[in-house]
Each structure stands twice: as C-alpha cells, then as structure tokens.
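Colleague: For reference, the structure I am asking about is given below.
The values are calculated or read from the model by the stated rules, or taken from the named source; none is laboratory data. What you see is a predicted model; the values in this text were computed from it and never measured. We place every Cβ from the backbone using ideal geometry, glycine too, and count neighbours over all the protein chains shown.
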Amino acid sequence: MRALSAWLALTCLLAAAVAPAGAVHDTGHTFEVSLESDGDATLTVERTYELSVPAERQRFESLRTNDSARAARVEAFTTRLEDGAATVRESTERDPAVGGAGVEFAAANGTGTVTLTAPVSGLARVEPRAVVLTQPFASPSFALAANETLVVHGPEGYVRGALRPSPDIARRNSALWGHGSDLSGFAARFEQPPTPTPTPAGWGAFSGAALFALVPAGLVAATVLRRGDG
C-alpha cells in the first residue's frame with residue numbers, strides 16, 4: 001500500500017511538471033484579428049521566444065538585428081495576408097486590400113516577442129448593426145500555422161453573437177480558437193447591443209417628487225377619516 005501511494009504521488013508530480021511546459025508553448029503563437037464596424041480589420045501575428053533557451057535566444061536576436069531577415073519575415077507575412085485576401089475575393093463580393101505591414105520586437109521577463117501587423121480593408125461582411133467574419137478562415141487553403149491560436153476581437157462597443165465552430169474561449173467582445181481547431185465553415189458575428197428605450201426627460205424626477213408630495217396629504221386624509229369614524 002505504501003509503495004502504491006508513492007507511485008501515485010510520483011505520477012502526479014510528473015504530470016504537473018509536463019503540463020505547464022506544453023501550455024506555454026501552445027499559447028506562444030497567435031493570429032489576431034481586430035475588426036472595425038466598417039468591415040476593416042487589423043491583423044497581427046505574434047511569435048514568442050524563450051530567451052533562457054540558447055537556440056531560441058539566438059533566433060530572436062538574429063531576427064532583430066538582421067535587416068534582411070526582418071524584411072523576409074515582413075514579406076512572408078504580407079504574402080500570407082494577400083493569399084487570404086484573394087480567398088475572400090474568390091468566395092465573396094468583397095474586395096479586401098492589404099496595407100503596409102510592419103514588425104516590432106520586445107523583450108521582457110525572459111521572453112522575446114516578434115509582432116507583425118498590417119491593416120486589411122473590407123475583410124468582414126457588414127450588416128445592419130453587425131459585422132461578420134467568415135473568409136479566409138472558413139477556407140481550408142488558409143490554415144493556421146502549427147501551434148497557432150486564432151483570436152478575433154469585435155469592433156469597440158459590440159458584443160459577440162453566433163460563433164462557428166464553438167471557440168475554446170468566448171468573452172463579451174472576443175473569442176479564441178486554439179491550434180488544431182477545425183475552422184471549416186468558420187463564422188464569427190459581432191453585434192451592436194440593443195439601444196435602451198430612453199426615459200422622457202424629467203419624468204423620473206417629477207414622478208418621484210410628486211409621489212413624495214402626496215405622502216403627507218395621504219396621512220392627513222387618513223387621520224380625518226379615523227376621527228370621523230370615532
């Protein structure tokens with residue numbers, strides 16, 4: 001019995017040690033879409049490097065200090081977005097255009113981050129009080145890279161509506177699909193929340209004051225009635 005308990009404890013310790021390492025690796029690659037109410041979007045791809053690992057630190061530093069390597073990375077990112085825009089044009093009536101891409105580097109808390117960003121006009125479908133993103137993610141030809149997580153943000157002030165497939169994480173104005181998700185038939189809808197019915201100006205204050213003013217009169221009337229009954 002003592003040997004069995006020791007074996008179970010060792011198994012739990014090993015599981016706890018292995019799981020976080022995988023989680024950190026899985027969340028280090030993101031493809032982020034930030035939508036605007038007119039269907040335009042900002043697309044961002046982020047890669048992280050564990051600087052305590054010599055090989056990763058070397059890759060990060062060589063990319064940050066090498067002009068040719070940086071230019072090649074931006075070019076590859078732009079080509080990927082252009083391919084996605086072509087998929088949208090082939091599948092919809094929209095004609096998205098990819099703007100100038102840029103790259104930024106940051107290092108903090110032992111992690112190096114490479115962030116590629118570009119604007120894309122006309123990416124999402126615009127409906128009355130809603131924006132819907134389908135292509136290029138619904139197309140198998142625009143697959144996410146290995147270990148890449150898709151994050152979609154709705155326009156400011158919008159709330160998420162119907163999402164397909166179901167995301168791994170859903171928030172009020174964003175959703176996340178982890179790497180390996182089947183995005184065929186993908187659709188992400190974000191809607192303007194219903195506009196609250198306005199209260200007539202001054203009515204609330206007037207009604208409250210009137211009700212308060214009627215209280216003393218009611219008390220006087222009740223007193224008179226009691227005297228009359230007596």
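Colleague: Look through Ala69, Ala118 and report the one residue that is surrounded by 16 or more Cβ atoms within 10 Å (Cβ to Cβ) and touching a helix residue (DSSP H, G or I) at 6+ places or on another chain (Cβ under 9 Å).
Modeller: Sole residue among the options that is surrounded by 16 or more Cβ atoms within 10 Å (Cβ to Cβ) and touching a helix residue (DSSP H, G or I) at 6+ places or on another chain (Cβ under 9 Å): Ala118.
Colleague: Kindly establish whether Ala146 is touching a strand residue (DSSP E or B) at 6+ places or on another chain (Cβ under 9 Å) and within 18 Å of Pro167 (Cβ to Cβ).
Modeller: no
Colleague: Which residue, of Ser62, Ser52, is touching a helix residue (DSSP H, G or I) at 6+ places or on another chain (Cβ under 8 Å) and either surrounded by 15 or more Cβ atoms within 10 Å (Cβ to Cβ) or among the polar types (S, T, N, Q) (or both)?
Modeller: Answer to the selection: Ser62.
Colleague: Being more than 28 Å from Arg171 (Cβ to Cβ) and either crowded, with 16+ Cβ neighbours inside 10 Å or at pLDDT 95 or above (or both): is that true of Ala97 here?
Modeller: Here the answer is yes, as Ala97 does meet what is asked.
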